1. May I ask you to list the residues in region 830-866 that are surrounded by 11 or more Cβ atoms within 10 Å (Cβ to Cβ) and over 36 Å from the mean Cα position of the chain (by Cα)?
2. Of 443, 427, which residue is in a loop (DSSP other than H, G, I, E, B), in contact with a helix residue (DSSP H, G or I) (Cβ under 9 Å, 6 or more places away or on another chain) and either more than 18 Å from residue 375 (Cα to Cα) or assigned by TED's automatic domain parsing to the domain that holds residue 463 (or both)?
3. How many of the residues making up region 359-375 are out of contact with any strand residue (DSSP E or B) (no Cβ under 8 Å at 6 or more places or on another chain) and in a helix (DSSP H, G or I)?
4. I need a count of the residues in region 376-421 that are closer than 29 Å to residue 441 by Cβ and either under 12 Å from the mean Cα position of the chain (by Cα) or part of a helix (DSSP H, G or I) (or both).
5. Could you check, for region 550-570, whether at least one of its residues is assigned to a loop (DSSP other than H, G, I, E, B) and crowded, with 22+ Cβ neighbours inside 10 Å?
6. If we keep just the residues of region 695-719 that are out of contact with any helix residue (DSSP H, G or I) (no Cβ under 8 Å at 6 or more places or on another chain) and in a helix (DSSP H, G or I), which is surrounded by the most Cβ atoms within 10 Å (Cβ to Cβ)?
7. Condition first: outside any loop (DSSP other than H, G, I, E, B), crowded, with 22+ Cβ neighbours inside 10 Å and touching a strand residue (DSSP E or B) at 6+ places or on another chain (Cβ under 9 Å). Can you find one or more residues in region 278-286 that meet it?
8. Of all residues in region 126-144, how many are surrounded by 14 or more Cβ atoms within 10 Å (Cβ to Cβ) and either farther than 19 Å from residue 220 by Cβ or touching a helix residue (DSSP H, G or I) at 6+ places or on another chain (Cβ under 9 Å) (or both)?
């Protein structure tokens, strides 16, 4: 699964994006395997100087442990689930008929407890298929679980078939959500009556973590696997999708159609899915298997733009892990109002509507990483599944790392490493308030597992592990893990044992400190040269009461001005160590962890001369980025670095070009930057990367007196982000004269353009734009409407007449009271109307609307805000 905190993308010129723990005293193991053991030529470990003092206060990020969460104890295996379903759009109910085939594990069983959330139960009976008999069964039901008494005690070599007829009513139970998965109703009717603004009618499901029991009775736990057949009866105009293959379609006399979807290989209960709606289906193939893309009809011609890399990804991952894609087919569908970012339902991944882009929008936002993430789960997550939510990184850390692997394969290592840095930053930001082990048996809420630890840090740790044991061992071990645990549930020990089988090494030391312990290293590093020796002081400054003192096999690289370099291996094991290296000549640059793979915080000060060499010679792109940013910090005081920085604007990698351009933003120095400005003008018009063009244009707006000339040309750019940047920056300089050009883009639906126009109209107090705001709100998805309302709040403050104010209130309340609007959109709408509450008539309308509001979360939040 991918969730929105990481992937909701709006141009940085519009919206700034940002992306408790268990106490541990266990240090890293020091006496385990010799993998990466220090092999330091002419190196002497000369001191272990300091120990750290305990802090006086418990860090902010340390919180209470939750209870221990074991894997679900299984009394029965689900051999097969057959579902026959139909839908009542008006009531938002699902009529269900389930036949569940069960077999006891080892111990004899005489009763069954099934998860079944808020059903009307009409019938429960035992079906004896051999004797063709039916026996009614007694049961009790508390609206969450069915406790069914069987007709006898069943042994482990017997099977039983439960037949349950029921009605699922997902909207009639108290649902819950989290930051990662905003709702857990399980079954969703989108615009069920066809009266919601700007939405098609759809039905879809979302099972993770334990929400599929909201639409069929089951054991709703990740270590429960089953085969399934689903018969979906829908109006004939709709398209359906479910797991496995579509094996038949039967038209019915009442204008409906019944589609039979068959999942022949076992998969976890939470991965079962259905979707219904008006979709265009574009078909592709991989090794003779169907690969299909479900999009809204208006985007049919862009389906391959969005998903077209899928067959190549399937081939790459199949070969890289020596395990061909195992499932019968692979479909991907984009749905409305999804409660997360994307979900890896077996053979049928679902995606949020932001992924639905046209060719021009893809220039600014390529969603291949999310496509790779959900596809990769079909090995790590669907084929081999975490046995408990405590082991979630077995699913999500691997899927997160697949994004790195795909970028590395498709675009090169610089691209992959550049993107990986954002993962480290995401984790470090979260670590300020939360530090937990990756494998967490003591979580408070299972939804807490879906965080930057399980995703970002976990992916970064896998990259570290790959570099620690080597590529061949890494991919062979991962392949053994898949083959040894296929169609099963696994825990972290299974992963470790697979790699130990390959390497012949005890890897507890690595897994204990990185997977089973909280935190990260905080390094202070200092290098000096005395008597022909480089002394390298390495201190781990994290508090050992809560965070391990890490054992880290790593390297250090030395450079000289002539480009000569030497690399030495070393292993960090203590809180403070000084290593010494013998050289005839003092190095001009020392880089600790030259591969840039250690997840942590580093303090290693260097001279401008050293950073110049680092920017020029370092192999890892993030060391180069660091050096360029450090040089950029010095340009006001040291203008001599300007010519050096200028050279990096021609770098072959776009990330280096963009980083270099960005250091000149708001430049206030006295140095001559005319050549820099000249170069940036050329980059705005000719650079092959849209992000670089947009950044260069944004920087030029603050340092180029002739900016408007460049901006006017940039308004014809193929990238919406570049056009939006040009429009907004120009409006602050040109004022109302920019309006004729801005109004040429009023029909654009791209969020970057829409938000920029809303800001321009607000900043310039342009009259008569309420109809435009209304039209754009209609066209937007629910998430973007929230941002639009925030922008509209400013525009409302510019309104002068009572007529316009009443019209604005009409527009806003239309969305505030629309039952299809999300909690956040409703709140944003009420906040947008707040400047109008001095008008008594409008205030009364708002009060009446709030009183009629049925969403308790909305009412509570508005009450807290003084409404």
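The values are calculated or read from the model by the stated rules, or taken from the named source; none is laboratory data. Computed from a predicted structure; not experimentally measured. Quick reminder, even Gly has a Cβ in these numbers, built from the backbone with ideal geometry, and neighbours come from all protein chains shown.
1. 836, 837, 839, 841, 842, 843, 844, 845, 846, 847, 848
2. Values: 427 fails: in a loop (DSSP other than H, G, I, E, B).
Only one candidate qualifies: 443.
3. 7
4. Of the residues in region 376-421, the ones closer than 29 Å to residue 441 by Cβ are 376-405, 420.
Okay, now just the ones that are also either under 12 Å from the mean Cα position of the chain (by Cα) or part of a helix (DSSP H, G or I) (or both), so 376, 389-391, 393-405, 420.
Number of matching residues: 18.
5. Residues of region 550-570 that are assigned to a loop (DSSP other than H, G, I, E, B), as a first pass: 550-551, 560-564.
In the following step, the residues that additionally are crowded, with 22+ Cβ neighbours inside 10 Å were identified as 550.
Yes, region 550-570 contains a residue that is assigned to a loop (DSSP other than H, G, I, E, B) and crowded, with 22+ Cβ neighbours inside 10 Å.
6. Only one residue tops the list, namely 702.
7. Step one: list which residues in region 278-286 are outside any loop (DSSP other than H, G, I, E, B), which gives 280-286.
Now drop any that are not crowded, with 22+ Cβ neighbours inside 10 Å, which leaves none.
No.
8. At the first step, the residues of region 126-144 found to be surrounded by 14 or more Cβ atoms within 10 Å (Cβ to Cβ) are 126-127, 137, 139, 141.
Keeping just the survivors that are either farther than 19 Å from residue 220 by Cβ or touching a helix residue (DSSP H, G or I) at 6+ places or on another chain (Cβ under 9 Å) (or both) gives 126-127, 137.
Within region 126-144, residues that are surrounded by 14 or more Cβ atoms within 10 Å (Cβ to Cβ) and either farther than 19 Å from residue 220 by Cβ or touching a helix residue (DSSP H, G or I) at 6+ places or on another chain (Cβ under 9 Å) (or both) number 3.
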